Each structure stands twice: as C-alpha cells, then as structure tokens.
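Student: Following this message is one structure expressed as structure tokens.
The values are calculated or read from the model by the stated rules, or taken from the named source; none is laboratory data. The structure displayed is predicted, hence computed values, not measured ones. Note that we place each Cβ from the backbone using ideal geometry, even for glycine, and neighbour counts take in every protein chain shown. The area values use the complete protein model at the heavy-atom level, side chains included, leaving out ligands, DNA and RNA. Shrake-Rupley method; radii C 1.70, N 1.55, O 1.52, S 1.80 Å.
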Amino acid sequence: MASPKVAVVGAGVIGLSTALCITETCPSCSVAVLSDQFSPNTTSDVAAGMLIPHIYPDTPIHRQKQWFQETFTYLFAISNSAEASEAGIHLVSGWQIFKSPPKEELPFWSDIVLGFRPMSEAELQKFPQHRFGQAFTTLKCDCPPYLLWLEKRLKATGTQMHTRKVADLWELHREYDIVVNCTGMGAHQLVGDKQLFPVRGQVLKVRAPWVTQFIRDGDGLTYIYPGIHRVTLGGTREKGSWSLSPDAGTTRDIFDRCCSLEPSLQGAQDIEVRVGLRPSRQCVRVQREVLSQGGIKLPVVHNYGHGAGGFSVHRGTAKEAAHLVEECISALQGSSSRAKL
Amino acid sequence: MRVAVIGAGVIGLSSALCIQEQFQSLLPSLQLEVYADHFTPHTTSDGAAGLWQPYLSDHGNLQETLWNKETFDHLLGQLHSPAAKEMGLFLISGYNLFREPPPDPSWKNIVLGFRNLTPKELELFPGYSHGWFNTALMLEGRSYLPWLTNRLTQRGVKFFHKKVESFQEVSGGGVDVVLNCSGMRSGDLQPDPELQPGRGQVIRVLAPWVKHFIITHDLKSGIYNSPYVIPGSEFTVLGGIYQHGNWSEENSAKDHKSIWDSCCQLLPALQKAKIVGEWSGLRPARPSVRLERESIRLGNLQAEVIHNYGHGGFGLTIHWGCAMAAARLLGTILQEKKQLATPPGPRL
C-alpha cells in the first residue's frame, strides 16, 4: 500500500492531535480530517484546557499516567519555545483546595506537574472554608489558539480538512482505507456506543487580567482557570444532560461560587457563557476494530470517550491511536500481499 | 495644624493617607496638603512594574525588612476587599533565577510558598542553575496612585501642582510640619550625596500568555542588571537595566536592544510580543532609606521636616511600613507641640 488514505473523523483536540500523530508516525499516509464542526465550535473550545488529569475508573492507572506524562512533556517543550504564544500553551500556577481531606494525598500526577507540594498555612488563609490544599504549576492549552495551531501544522503536512457530517462510517470506505473515529460525544450516535454519556458543563469566560493564579476546588465543581485573554470560571458536572443551552440560574451560581474563592472576580467584564458536553466513559476507548459488511472490511481506530480529561491525555492517546493505525496498515499490507499470491 | 507633603509618588501619597487615617479624627484642625511637580501617571511610581519584591539582601538593615513585611501583610489583608482591583493589587507567582547558589533572601518568610526550584523547573531556564519560586503581590502604581489620590481628595486633602524649590517656600506660609517625599529630587531641597539615581529602562509589551514574573540575577553585576519579565494587568514589563549615577530619562537604543535580546533569550515566545511602550526612570537609590525627623532653622522660624525618601527600586515594596513610621514621627512632633495628649496607635 503506497499511500494509505486515512480519514480522521472529528476536529476537536482529539481528532486534530491524532491526525498530527498519524502524519508523524506514517509520513506516507494521506490524511484527511472530516468534521461537521471545527474550532471555535468544538467541545474542546469550551474547555479551559488545563492539564489536571481526570481519573478514568476502568483504565489502568499506569496507562493514564503514561498518557499524561507524554502530553505534559510534549506541551512543556512547546511552552518553552518561540511558538508558545501562537499555540496557546502557557504555564500557570495555583492551588487545588479541599474542604475535607482529599482521598489521596499524592495523586498519580503529582510528580509530573511542576513543584507539587502541600499549601502552607499562610496560603490556606486565603480560603477560610477550606482546610487542605495542594500548590503546583501546570500547563494550559488555550482554545481556539491550540486547535488553530494544530490545524496549521496539519495543513503544512498536506492534510486536507473537510467540513462534512459523517452519519455512518461506511460512507467513507470507498475514499479511505482506514477510518479514525475521534468524534467524542458524536460516537454515541455514530457507532452506537451506549457506554458513552454526556456530562454537561457550563462555564463563564470573563475578562479579569489581574487573575494570574488558578484555583480549583477538589470537588471539581468550582474552578478559576486564567487563560491568555480570558479566565474560565466553572462549572457544572451534569451527568446525562444533553442540553447545549446556557442556563441563567447556573450562570449566577457559578459566578457566586467563583467570587467566594476569588472576590476580585466581582469586577470581571465581558462575561461569555459556554456549554459543552464532556464525552464521558468509564475508560477512554483507544481500540482497533475491523468493521465488516457484505464482504467488505473497514479498519477503524477509535479514540474517544475522554470525558473531563481530553486535554490532559490528548497527546498520549493520539500516539496510541497512531500506533493502532500503523497496525491497521500492516494488516492491510499483509492481507493485500496474501491476496496477490 | 498644617502638614505639607512634598511629592505625589507612592511615598508621598501613602504617607499622606496614613497620616490622614491616624490623626484626622484626633485632630480636627489637621489640614493636609500635597505639593508636587508630577502627579500620576507621570511619577516614578507609575513607571515601575509594581512587583512586591525587596532586594536580595537587606545588608543587615532589619528596619527595612520590617517595613517590607508590614507592607506585604497590609496589602495581603486588602486582597479580598472590593478595593483590590481598583488599587491594582493582585497575587502573582514567579521565579527568581541564579547562575550560582544564592543566599536566602531577607524576605523568604514574608512571601507565600517560598521554595527552591526543582530540576524540571530549571529546564525552563537554560543557563540558570538555581532559583526560587514564590507567590507575591503586584501593586500597579498606575492604579494605586489614582486610588490613593481619590481617597485623599474625599477626605479633604488639597493638591497643589508646583515644583517646590525649598522647604522654606512651604513652611514659611504657616505650615507646621513638612513631609519630604520628593524621591529622586530630594537633593534639590537639601543636598544629599548618598542619594543617587539608579537609572532603569523598561519595554512594555503585550504578552498575556505570561502569567509569572521571572527575575534573573547576576550576583556580580548587581541588582536589576539582568533580564526580568513582569506581567501586569494591561501589559508585560521587560527590564534589566540599573545604571548608578546616570540621570538620563531618555530611552536608550542600546539599553532597548539589551533588554529585548536578553528577555527573548529567557522567554523565546516574547519575540512575537507586540511592543506598546518604553519608559526610563530614576530609582531614588540610597544606601538606606532616609526616614527621620529634622528640625530646620529657616530664618527666625523653626520648621519640622520628616524625611521619607531614598527607596531605590523597592518603593512600592516598602511604602506602607515607611508611611506608618512617618506617621509615628508626626505623632511625636504633635505631642511635643502639645497638640496631642499621647500619640495614637501602638509603638514599634
């Protein structure tokens, strides 16, 4: 197979980073990204893009740690380079605070982020309702810049982008040899995965350039994440809700909760409300499959179900998916040479 | 009881406010006046980035370390107040970088979360082998000075836009006490060979992705002669110039290049940052802050002067401690003049 044709469906952080990894591991591949939405209208664009891992109950911890490590290392190098501002990658320091003792004193990622340590008494005084805290420095991927930067890198490799709604993976079997399914929440419909469920998140994006530190309540519900131009205030975790419409009462509630942690947010300007559906699953589905219909085979690589942790593990899962694409290519070449015999 | 403050930088305005807060209710006849040739946004305090950070060493001057601490604690206490944003006050974390092991700074227990950098953090800064991380405060002069001015105006303090040429000019007209907060130009009022300019130049850029301050140090060349990057609420300040004895307030092309090249080497992404301004100013440098009383004979009049100048590159850092000390000196003067039974507030 001279130039395998690979279709990546989905143009959020998972789709674009997977496509990029494929161009890196398989330079002879001809890659196309197909999606009904591109930045700034993807789920990724709503997210703050903070590198703080979400725990997947059914994925082995060592695998989650490897994904996070690979992602952190990759982004760390970009943040340190001349491309940092264009890519939207920057370091941010801050605190994760707890009202009651955290389940784990040392989360699995504590040695990957920078300078992880318990907060001092003096630091905790800023949060009178919280009794424990962790201070560390991590990375943030601002969207749209990061997605636009990925798109630019992809176009430079000759990858085509097509705005197109794929209703059935079989639509693609004539034009493409391998399909990579990075459709996030779309996989519920596209491949009928009933283990995939939305966790609705509403956030506010505000102008408050004096907020330089992130603050996250360990319960995961209230957070303040300063980005390049805007601070993301969150949030909600509404399991099973499919609504993409902002809720005014929720907006008020998020604002109040964040102001109680950071009173200066009262002066925030230009409040924008966004909603995203975290494509959640007990484990991220990074898996090969060969679909079969009427004697025709279609190799598919799945890479979806990252829930609240897409940014944190995106590069790690993208690399794994790219390896699976390589395996598909080998399998196709094997079967095609067998066919020639 | 008329008190004239000469100078409307952070030192003059904060001293005036501190005095106003402490004495106005005790002494209804108190009339405060501020005289200055430059007001915000044209003072030295307006040009400074506004990072709270003393010099590395206090050279045994514990008094100054105490004033720094009082200032930090005072500002920390204001952080959650509704005024914080208007004051230009916010928390910021960042890095101090060295090419050789540094001694612990005098302020390590004043700031929050002070610690050494980990090897992985040092990877961010090739060429630097040691460093610190801590959380400190920003107090932006361009917001703080207007906030102080508003508070003072609300309380009936009067402002006069004029260059004061002598203490006599001010004290002669019936002023009882003069506060000399004239910073760099104190020498015009009373010669002081110990007061010298520490010229600085900064480039202002738009680099909103930078969320930490980064101060590098070259222990051999002295303070602020090594690149620094300080993000503010409107722009990021790039600097690294300290020229002792240089009175020029003109921007130098050579210094611009030095700042630009060294800061871009430190943070490569700065190459893409848009330059929005440039400024030069004179740090009113002195071996130690001059904060003391002086009785000056002017003709047949005795004038009481309280000096509060010579804060070098740490005016914002030390201002409140000094303001309170100046207020205490005023209290002593008022007591002597039988204006007060006992001075207010705790004695230090």
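Student: How far is it, in nm, from the label point at B:SER29 to the one at A:ALA2 when both lie 7 Å from their Cα along the line to the Cβ?
Tutor: Those two pseudo-labels are separated by 10.3 nm.
Student: Right, another one. Please name the residues of segment A:226-247 whose accessible area, counted over protein heavy atoms with a 1.4 angstrom probe, falls by no less than 40 Å² between the chain alone and the full protein assembly.
Tutor: A:ILE228
Student: Ranked by accessible surface with a 1.4 Å probe, highest first, in what order do A:PHE197, A:PHE214, A:PHE108 come?
Tutor: From most accessible down to least: A:PHE197, A:PHE108, A:PHE214.
Student: Using Cα atoms only, what is the angle between the long axis of helix B:141-154 and the major principal axis of chain B, expressed in degrees (0 to 90) to the nearest 10?
Tutor: Its long axis makes an angle of about 20 degrees.
Student: Also, I was wondering about something else. What lysines does B:LYS163 reach when the alpha-carbon gap must be under 30 Å and sequence neighbours fewer than 8 apart in one chain are set aside?
Tutor: The qualifying lysines are B:LYS337.
Student: Rg and Dmax in Å for segment B:191-348, alpha carbons only: what are they?
Tutor: Answer for segment B:191-348, Rg first and Dmax second: 20.6, 64 Å.
Student: Right, next: Looking only at other chains, what is the average number of their beta-carbon atoms within 10 angstrom of each beta-carbon in A:79-85?
Tutor: 6
Student: Distance from the Cα centre of segment A:43-65 to that of segment B:1-56, in angstrom?
Tutor: 51
Student: Net charge around B:LEU62, counting only other residues with Cβ within less than 14 Å of its Cβ (Lys, Arg = +1; Asp, Glu = -1)?
Tutor: Working: positive: B:LYS69; negative: B:ASP58, B:GLU64, B:GLU70.
Spelling it out: positives minus negatives among the neighbours equals -2.
Student: Cα centroid distance between segment B:261-299 and segment B:135-162, in Å?
Tutor: If you average the Cα positions of each part, the centres end up 19 Å apart.
Student: Tell me, what is the FRET efficiency for B:ARG115 and A:LYS297 to the nearest 0.05, using R0 = 56 angstrom and their Cβ-Cβ distance as r?
Tutor: Numbers: r = 57 Å, r/R0 = 1.02.
About 0.45, to the nearest 0.05.
Student: Kirkwood Rh over Cα pairs of chain B into Stokes-Einstein at 37 °C, 0.692 mPa s: D in µm²/s?
Tutor: 157
Student: OK, next. With every protein chain present, what accessible area does A:ASP142 have (1.4 Å probe, heavy atoms only), rounded to the nearest 10 Å²?
Tutor: That residue has around 20 Å² of solvent-accessible surface.
Student: On the full set of protein chains, 1.4 Å probe, figure out the accessible area of A:SER100 and give it in Å² to the nearest 10.
Tutor: For A:SER100, solvent-accessible area is about 70 Å².
Student: Shifting gears a bit: Using amide H atoms built in the peptide plane, which far-off residues or other-chain residues are under 5 Å from A:VAL31 H to H?
Tutor: Under 5 Å from the amide H of A:VAL31: A:VAL6, A:GLN160.
Student: Next up: In Å, the Kirkwood hydrodynamic radius of segment A:5-339 over pairs of distinct alpha carbons?
Tutor: Its Kirkwood hydrodynamic radius stands at 20.6 Å.
Student: What part of the accessible area of segment A:204-281, given as a whole %, is carbon or sulfur when the probe is 1.4 angstrom? Mind dumping the intermediate values first?
Tutor: Details: 1570 of 3130 Å².
Result for segment A:204-281: 50 percent of the exposed heavy-atom area is carbon or sulfur.
Student: Leaving ligands and nucleic acids out of the surface, order B:ARG199, A:ARG117, A:ARG153 by accessible area at 1.4 Å, largest first.
Tutor: Output order, biggest surface exposure first: A:ARG153, A:ARG117, B:ARG199.
Student: Also: Interface size between chain A and chain B, please: total buried accessible area, 1.4 Å probe, rounded to the nearest 100 Å². Numbers along the way, then the final one.
Tutor: On the way: alone 15230 and 15420 Å², together 27830 Å².
Approximately 2800 Å² gets buried when A meets B.
Student: Which percent, nearest 5, of DSSP beta bridges in the protein assembly as shown are antiparallel?
Tutor: Around 70 percent antiparallel, to the nearest 5.
Student: Modelling each spin label as a point 7 Å along the Cα-to-Cβ direction, I'd like the A:GLN287/B:ASP37 distance in nm, to one decimal.
Tutor: With each label point 7 Å from Cα toward Cβ, the separation is 7.9 nm.
Student: Can you tell me the mean projection area, over all orientations, of the convex hull of segment A:84-237's alpha carbons? Units nm², please.
Tutor: Values: hull surface 50.0 nm².
For the Cα atoms of segment A:84-237, the hull's average projected area reads 12.5 nm².
Student: Also: What accessible area, in Å² to the nearest ten, does a 1.4 Å probe give for B:PHE39?
Tutor: 40
Student: Roughly how many whole Å is it from the C-alpha centroid of segment A:135-164 to that of segment B:95-116?
Tutor: So the two Cα centres are separated by 37 Å.
Student: Hey, another quick one. Go through B:ARG99, B:ARG151, A:ARG174, A:ARG200 and list them by solvent-accessible area, largest first, probe radius 1.4 Å.
Tutor: A:ARG174, B:ARG99, B:ARG151, A:ARG200
Student: Still on this model: Give, to the nearest whole percent, the P(r) tail of segment A:242-295 beyond 14 angstrom, counting all Cα pairs.
Tutor: Above the 14 Å cut-off, segment A:242-295 has 72 percent of its Cα pairs.
Student: Using only Cα atoms, what is the ratio of the radius of gyration of the protein assembly as shown to 2.2 N^0.38 Å?
Tutor: 1.14
Student: How much length would be gained if the chain were fully extended between B:ASP188 and B:GLU249, taking 0.36 nm per residue of separation minus their Cα-Cα distance, in nm to one decimal?
Tutor: Roughly 20.3 nm would be gained on extension.
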